[in-house]
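Structure record follows, encoded as structure tokens.
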Amino acid sequence: MHTIINTLSPISRPRLAESPSSDAFRQPNYDCRDHPDAVKLVVYVPGVEAVGVDIQARGPDLLITARKAHFVRVNWQALHLEGAQRDYQLRLRLGTGFDYAGMQGEIHDGVLTVTLPKRTSNEAGVPARLRRVA
């Protein structure tokens with residue numbers, strides 16, 4: 001007696017609108033140095049110019065997005081370079097002990113240097129004493 005097993009064809013499902021996922025970006029290499037008055041962050045983003053860098057502070061997180069200038073060549077052919085041409089995104093949880101408004105950054109030859117000053121002890125936002133309301 002022979003058994004015949006028919007392979008099932010995959011069910012085609014409508015795809016949902018894809019949001020920019022972490023696959024759209026790649027994480028750059030970086031180096032973080034702690035100094036007495038600041039933290040110096042060096043992020044390596046080759047191929048990125050100053051206009052393509054966006055730095056945001058969201059609560060205790062620091063989000064750095066660096067976008068490359070994408071050129072379409074006249075003799076364009078797919079060479080599986082999609083992975084190498086992705087933009088960069090780095091998310092770091094640094095905490096609330098930094099003065100994000102006083103942050104300074106500069107980029108030179110694909111090396112982004114961000115200096116993030118530390119808050120002094122009286123600026124650190126020590127929570128106020130709790131008081132009874134009711």
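The values are calculated or read from the model by the stated rules, or taken from the named source; none is laboratory data. Values in this document were obtained by computation on a predicted structure and should not be read as measured data. Neighbour counts run over all protein chains shown; Cβ positions are idealised from the backbone, glycine included.
What the table shows:
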read-out: Hits in segment 58-73 - residues which are in a strand (DSSP E or B) and at pLDDT 90 or above; value: D61, L62, L63, I64, T65, A66
read-out: Scan of segment 1-47 for residues that are hydrophobic (A, V, I, L, M, F, W, C) and either over 12 Å from Q89 (Cα atoms) or modelled with pLDDT under 60 (or both), ordered by number; value: M1, I4, I5, L8, I11, L16, A17, C32, A38, V39, L41, V42
read-out: Test for V51: is it more than 22 Å from F98 (Cβ to Cβ) and at pLDDT 90 or above; value: yes
read-out: Residue in segment 74-83 that is modelled with pLDDT under 90, in contact with a strand residue (DSSP E or B) (Cβ under 9 Å, 6 or more places away or on another chain) and loosely packed, with under 11 Cβ neighbours inside 10 Å present; value: yes
